[in-house]
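Q: This is the structure I want to talk about, given as structure tokens.
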Amino acid sequence: MRVLPAGASAVLVETEDGAQAAALHAELLRRRRAGGEEARALAGVEEIVPAARTVLVTGLADPGGFAREVVRWDVPAVRPGQGGVVELPVRFDGPDLGEVAELWGVRPEEVADVVVATAFRVAFCGFAPGFGYLAGLPRRLHVPRRATPRTAVPAGSVGLAGPYAGVYPRVSPGGWRIVGTTRAVVWDPSRDPAALLTPGVEVRFTVAR
């Protein structure tokens, strides 16, 4: 890991890959909940924000002390279900289902089986409020974005792009390959928390009946 200053009271921790970033994020949350000596380096912390290969930690009372300590931590891998589990029923009726099937070398009706069998976890959020980037696709199942993005992708669309899956929280432009739709509301400002899919949550897609 490499720790970079990010202002007077924040640091950006660069990790080797997404799995290490997810593990560090989980460990930071665990230590903050535990309190006491384990949380000593996190004194004053305000936000812990993961990204593809980094974790931003803000509000630190002693960012230098945190930087010296975090690189010595023994950070365990994320355990299945550690951050909670959300099930999302999906109707696999997306306009790009055939293209994804061809890229994967399966029949269109088998795409659902592959997605349902994959263990996804929210790596980080971005693009739009409530949009979680779901990691878990093995490299052989990575798919390129569409050459021409759509100007309007319906809310609830389940898409694939590169190593990630995602659910569009609202109508918006997008270039992900859409394989299905869900009725789950992934972003609701009147709910606490507003986002259904938060970093660390495990996501299990099921076939909607």
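Q: Calculate the dipole size of the chain relative to its Cα centre from +1 charges on Lys and Arg beta carbons and -1 charges on Asp and Glu beta carbons; express the result in debye to the nearest 20.
A: Numbers: 24 positive and 22 negative charges, 40 e Å.
Approximately 200 debye in magnitude.
Q: For the chain, what does -39500 (n - 2.57) per DSSP helix run (n ≥ 4), summed and divided by total residues, give at 222 nm, in deg cm²/dmol to the nearest 500?
A: -5500 deg cm²/dmol
Q: Hey, what do the phi angles of the range 145-160 turn into as Karplus ³J(HN,Hα) couplings, whole Hz, using 6.51/-1.76/1.60 and θ = phi - 60°, x for Gly and Pro?
A: Rounded to whole hertz, the list is 5, 5, 5, 10, x, 7, 7, 8, 9, x, 4, x, 5, 9, x, 10.
Q: At most 15 other Cβ atoms within 10 Å and a DSSP loop assignment: could you name the chymotrypsin sites (Phe, Trp or Tyr not before Pro) in the range 47-100 that fit? Don't skip to the end; give the middle numbers.
A: Working: sites: PHE66, TRP73, PHE92; in loops: TRP73, PHE92.
Loop-located and lightly packed - TRP73.
Q: So, one more: Could you work out the longest stretch of the chain that avoids the GluC sites (Glu not before Pro) located in DSSP loops with at most 12 other Cβ atoms within 10 Å?
A: 47-209
Q: What do you get for the angle between helix 18-34 and the principal long axis of the chain? Use alpha-carbon atoms, 0 to 90 degrees, nearest ten.
A: Helix 18-34 and the main axis of the chain meet at about 50 degrees.
Q: Please give the length that would be gained between LEU4 and ARG40 if that part of the chain were fully extended, namely 0.36 nm times their separation in residues minus their C-alpha to C-alpha distance (nm, one decimal). Write out the running numbers ahead of the final one.
A: On the way: separation 36, 0.36 × 36 = 12.96 nm, distance 1.96 nm.
Answer, rounded to one decimal: 11.0 nm.
Q: Related question: With N set to the residue count of the chain, report its C-alpha Rg divided by 2.2 N^0.38 Å to two decimal places.
A: 1.10
Q: Still on this structure, I have one more. Once the convex hull of the C-alpha atoms of the range 64-169 is built, how many Å³ does it hold per residue, rounded to a whole number?
A: Taking the convex hull of the Cα positions in the range 64-169, it is 156 Å³ per residue.
Q: Additional query: Give me the percent of accessible area attributable to carbon and sulfur for the range 58-105, probe 1.4 angstrom.
A: After summing per-atom areas, the C and S share lands at 49 percent.
Q: In addition: ALA19 to ASP93: FRET efficiency via 1/(1 + (r/R0)^6), r the Cβ-Cβ distance, R0 30 Å, to the nearest 0.05?
A: The calculated FRET efficiency here is 0.40.
Q: How many percent of Cα pairs in the range 145-209 exceed 18 Å? Before the final figure, lay out each step's value.
A: On the way: 816 of 2080 pairs.
Distances greater than 18 Å cover 39 percent of the Cα pairs.
Q: Using a Förster radius of 41 Å, what is the FRET efficiency between VAL116 and GLU69 based on their Cβ-Cβ separation? Nearest 0.05, please.
A: 0.50
The values are calculated or read from the model by the stated rules, or taken from the named source; none is laboratory data. For clarity, every value in this text was computed on a predicted model and none was experimentally measured. Every residue, glycine as well, gets a Cβ built from its backbone with ideal geometry; the counts of neighbours run over all protein chains shown. Ligands, DNA and RNA are excluded from the accessible area calculation, which covers all protein heavy atoms including side chains. Shrake-Rupley method; radii C 1.70, N 1.55, O 1.52, S 1.80 Å.
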